[in-house]
Amino acid sequence: MLSDESHKKNGQQKIIEVVQLHKELSGNPVLNGFDMSLYDGECLVVIGKSGAGKTVMIRCLVGLMTVDSGSVSILGKSIPDLDQSQLDHLRLDIGFLFQGSALYDSMSVRENLEFPLRRLRKEYADKDAVDHMVRDALASVGLEHAIDLMPSELSGGMKRRIALARTLILRPQIIFYDEPTTGLDPITAKEIIKLIKDIQVKYKTSSLIITHDLNIAKLISDRVVILVDGQNYAEGTYKELAAAGDPVIKAFF
Ligand SMILES: Nc1ncnc2c1ncn2[C@@H]1O[C@H](COP(=O)(O)OP(=O)(O)OP(=O)(O)O)[C@@H](O)[C@H]1O
């Protein structure tokens, strides 16, 4: 585990550390020496223009894409050095809420939630325990009553909530959100933003959110990183960055 004082901020442990990450795709340097840290219990929002490399960054973090150079460490493990089974094991501690909710259309809400639990957490074979966990996760997103509905019967906001419940059921330590409010109306988007914060508090998770939606940064971030030209151009609290005089930073606010 990381234990050095430099890995702590206000007593919090650094649980993700990205140093000088480089990734080229089709001849383009998408990530060009990107640095970033996430501390335990923190809500970090990474903002960047469309095509800035936010999704590539997350894919590199979890080993879905190889890195060209640089280091990525999550929960004390060096990602580029892990083999597939070690990666699979680590990913149990990381929840993902990707763009679009990606529920299985042919499965009910209950089956959608049971699926990752049965596939990944083999210890939960007991029917009553599974039922309890499904209901608890649904209650956390305010949708216990939707347990027997099919995805086609859910609104966009409900689908997003169910996808979040499906992530929660594995009890991740860190949740990665890729554009969690895309495609939602402003009121539903605000509800989802509040839910992300509520879940972070209830389950004591840490959140890494990549988005264009400044509202997320404004409403719930502890810290914001601005990704420009494949690098960490600036970081700070929302207030600090919103007050910055630098024209590149100003352009985001
Ligand atoms: N598999 C790939 N092969 C080649 N180029 C890719 C690949 N994946 C992404 N890219 C390129 O890398 C750049 C960054 O893409 P990425 O999806 O990470 O951007 P983003 O910041 O997440 O954008 P958005 O906010 O629009 O989702 C883009 O120029 C994209 O075309």
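The values are calculated or read from the model by the stated rules, or taken from the named source; none is laboratory data. None of the values given here were measured: they were computed from a predicted structure. FYI the Cβ positions are ideal-geometry reconstructions off the backbone, even for glycines, and counts take in every protein chain you see. Quick note on the areas: whole protein, heavy atoms, side chains included, nothing else; ligands and nucleic acids left out. Shrake-Rupley method; radii C 1.70, N 1.55, O 1.52, S 1.80 Å.
Check which residues have an amide H placed less than 5 Å from PHE96's amide H, if you skip close sequence neighbours.
PHE176
Just how large is the dipole of the chain about the Cα centre, in debye to the nearest 20, putting +1 at every Lys and Arg Cβ and -1 at every Asp and Glu Cβ?
Here the chain has a charge dipole of around 340 debye.
If contacts are Cα pairs under 8 angstrom and at least 6 residues apart, what is the relative contact order of the chain in percent?
Once divided by the residue count of the chain, the mean separation gives 25 percent.
Leaving out ligands and nucleic acids, note down the accessible area per residue over the chain with a 1.4 angstrom probe, in whole Å².
Averaged over the residues of the chain, the accessible area is 48 Å².
Determine the alpha carbon to alpha carbon distance for each of LYS49/LYS204; LYS197/LYS250; LYS190/LYS218; LYS202/LYS239; LYS14/LYS239 and list only those over 18 Å.
The answer is LYS49/LYS204; LYS197/LYS250; LYS202/LYS239; LYS14/LYS239.
Return a whole-number percent for the relative contact order of segment 103-199, with Cα pairs under 8 Å and 6 or more residues apart as the contact set.
Over segment 103-199, the number comes to 32 percent.
Under 5 Å between amide hydrogens, which residues at least 5 positions from LEU184 or on another chain qualify, with H placed 1.01 Å from N in the peptide plane?
none
Which loop GluC sites (Glu not before Pro) in segment 28-131, with loop taken from DSSP, have no more than 16 other Cβ atoms within 10 angstrom of their Cβ?
GLU123
Hey, what do the phi angles of segment 227-236 turn into as Karplus ³J(HN,Hα) couplings, whole Hz, using 6.51/-1.76/1.60 and θ = phi - 60°, x for Gly and Pro?
My calculation for segment 227-236 gives 9, 9, 6, x, 10, 6, 6, 7, 8, x Hz in order.
In sequence order, what are the phi-derived ³J(HN,Hα) couplings for segment 51-57 according to the Karplus relation 6.51 cos²θ - 1.76 cosθ + 1.60 with θ = phi - 60°, rounded to whole Hz, with x for glycine and proline?
Residue by residue, segment 51-57 yields x, 6, x, 5, 5, 4, 4 Hz.
Which loop-located GluC sites (Glu not before Pro) does segment 177-253 contain, where loop means any DSSP state but H, G, I, E or B and the Cβ has at most 15 other Cβ atoms within 10 Å?
Passing both the DSSP loop test and the Cβ count: no residue.
Once every DSSP H run of n ≥ 4 in the chain is given -39500 (n - 2.57) and the sum is divided by its residues, what mean residue ellipticity at 222 nm do you get, rounded to the nearest 500 deg cm²/dmol?
When only DSSP H runs of four or more count, the value is -10500 deg cm²/dmol.
How large a share of the accessible area of the chain, in percent, is made up of carbon and sulfur atoms when the probe is 1.4 Å and the other protein chains stay in place?
50
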